[in-house]
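Beneath this line is the structure, given in structure tokens, with notes to follow.
Derivation of every value follows stated rules applied to the coordinates shown; laboratory data play no part. Keep in mind that this is a model prediction, so the values were computed, not measured. All Cβ positions, glycine included, derive from the backbone under ideal geometry; neighbour counts span all protein chains shown.
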Amino acid sequence: MSKCFEMAKECYAALGVDVEAAIARLDEIPVSLHCWQGDDVAGFENSGSLDGGLAVTGNYPGRARNAEELRGDIAEMLKLVPGKKRLNLHAIYAETNGKVERNELEPCHFANWLAFAKEQNIGLDFNPTCFAHPLATNGTLTSADAGVRKFWIEHAIACRKIAAYFGKELDNTCVTNIWIPDGSKDTPYDRLAPRKRLMESLDAILAEKIDPKYNLDAVESKLFGIGAESCTYGSNEFYMGYAVSRGILLCLDAGHFHPTEVISDKISSALLYLDDILLHVSRGVRWDSDHVVCWDGELQAIASEIVRHGFEKRVHIGLDYFDASINRLAAWSIGARNMYKALLFALLEPAKLLADAENSGDLSSRLMLMEELKSLPFGAVWKEYCDRNGVPCGMAVMDKIKDYEKAVLSKR
Ligand code: RNT
Ligand code: ZN
């Protein structure tokens, strides 16, 4: 243990904060790392370009081109991130060895991923992929075409079964998140009919009860997407109502709201009505751009909301960003490390002092405290956490990434 850490512990103790207890609590908070940062959301179907309003910009060399490479990169990335981790997969990461339609996917198509999760001792999460497909060009679960809707309903059902299989095999609950790109480029005349179809499609998908021990279902709202500027059928109101009435999870993506609207403010409201929620921690820059998560005010506010109210079992934290303009391992690990950093920072808040100041109406002290916290020796605690987890800290992370780039990525 370093001198710096010992001194940091004393600083926090002076404010009534037990650093060891904070670290122990952080050890129990899983973050689901998204597989799709490694290959620009390409997947292995070779179905052509990404669509559904999603856009990955940048052409930094070294993108994982197949499952082997992607797993190799993930294994490397996991060595750079401290804390309890999960891996979030999308259906397009199936290994089918020949064409298998998405509505016919089965657990066997994810056997290598399951083996990988076991090897890494991490849980899995899952997502139906309702975009980047010829049948997704004109709506999926909201489509007016019953055949198209049926296809996507079947796909989502298949995904829930795969997820439940993961959950059972790993003895670790899988969260399956449904996001669809459906919406309208220009002002629709009828916003109700597609939403009614979406509600019915979701009911059909969820009709079969699955043991919540193995799988939990989530639905992800959005404000708008490229090509769906005027209306997105799966809006926040739609899914909030749906999740509350069906008792499933609501997924809040940080990039899916008006630019000044923040998901940190929604957590305490949503959890008054829902048992659990899912987060897609992302960073929108002017739009839902999915930039690498930075340790900014909103990330801290998200983490603090979770920690202050002891919501860590009810808020499932997932990451959702994709940047192809820098080394993908750097993007991945910088964003992921920031999530854990923000959680640790939240765990080191002097809860009692803050609550006392607020409850006694001493808002000056509350503000002073909140601001002073920012210059406490947090870095020493973070470094200690990285050391204890056997992962590098500071620019040593970059050294590892550069080594891997030289040895592996540059050969692609
Ligand atoms: C899209 C949603 C969705 C996707 C991933 C790949 O706007 O955020 O969660 O980013 O499923
Ligand atoms: Zn998302």
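Would you order Met240, Met7, Met339 from fewest to most other beta-carbon atoms within 10 Å of each residue's own beta-carbon? Could the numbers behind the result be given before it?
On the way: Met240 19, Met7 12, Met339 25.
Sorted ascending by nearby Cβ count, the order is Met7, Met240, Met339.
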**Message:** Need the C-alpha centroid separation for segment 190-227 versus segment 325-368, integer Å.
**Reply:** 33
**Message:** Can you give me the long-range amide H partners of Leu33? Hydrogens built in the peptide plane at 1.01 Å from N, cutoff under 5 Å, separation of 5 or more residues or another chain.
**Reply:** Arg86, Leu87, Asn88
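Charges only on Cβ, +1 for Lys and Arg, -1 for Asp and Glu: so what's the dipole of segment 1-116 about the Cα centre, in debye to the nearest 20? Spell out each step's value before the answer.
Working: 12 positive and 18 negative charges, 43 e Å.
My answer is approximately 200 debye.
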**Prompt:** How much mean residue ellipticity at 222 nm does the chain get from its helices, if each DSSP H run of length 4 or more adds -39500 (n - 2.57) and you divide by all residues, to the nearest 500 deg cm²/dmol?
**Reply:** -13500 deg cm²/dmol
**Prompt:** What net charge is computed for the residues neighbouring Ile226, neighbours being all others with C-beta under 14 Å from the C-beta of Ile226, Lys and Arg scored +1, Asp and Glu -1?
**Reply:** -3
**Packing-based order for 85-92, 362-369, using average beta carbon neighbours within 10 Å, highest first** = 85-92, 362-369
**Request:** Taking Cβ-Cβ under 4.7 Å as the only way to count a partner, pick out the unpartnered cysteines of the chain.
**Result:** Cys4, Cys11, Cys35, Cys108, Cys130, Cys159, Cys174, Cys231, Cys251, Cys294
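Counting only Cα atoms, I'd like the Rg/Rh figure for segment 213-351, Kirkwood definition for Rh.
Values: Rg = 15.0 Å, Rh = 15.5 Å.
With Rh from the inverse mean 1/r over Cα pairs, Rg/Rh is 0.96.
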**Qualifying GluC sites (Glu not before Pro) in segment 197-261, DSSP loop, other Cβ atoms within 10 Å at most 10** = Glu208
**Item:** Potential extension, Leu363-Ser410 segment - 0.36 nm per residue separation minus Cα distance
**Value:** 11.5 nm
**Complete:** Proxy exposure order for Arg412, Arg308 (fewest C-beta within 10 Å first) is Arg412, Arg308
**Request:** With springs connecting C-alpha atoms under 10 Å apart, model the chain as a Gaussian network and identify which of Ser49, Ser235, Ser269 has the largest mean-square fluctuation.
**Result:** Ser269
**Highest-MSF residue in the chain out of Lys150, Lys196, Lys374 [GNM, Cα springs under 10 Å]** = Lys374
**Message:** In whole Hz and in residue order, list the ³J(HN,Hα) couplings for segment 289-301 that follow from phi through the Karplus curve 6.51 cos²θ - 1.76 cosθ + 1.60, θ = phi - 60°; x for Gly and Pro.
**Reply:** 8, 6, 6, 4, 5, 9, 7, 10, x, 5, 4, 5, 5
**Prompt:** What is the dipole size for segment 169-256, taken about its Cα centre, with +1 at each Lys and Arg Cβ and -1 at each Asp and Glu Cβ, in debye to the nearest 20?
**Reply:** 260
**Request:** Can you tell me the dipole magnitude for segment 265-328 around its Cα centre, using point charges on the Cβ only (Lys, Arg +1; Asp, Glu -1), in Debye to the nearest 20?
**Result:** 80
**Item:** Positive-pole candidate from Leu353, Gly225, Ile153, dipole of the chain, charges at beta carbon
**Value:** Ile153
**Count, lysine Cα pairs under 16 Å in segment 139-272, 8 or more residues apart or across chains** = 7
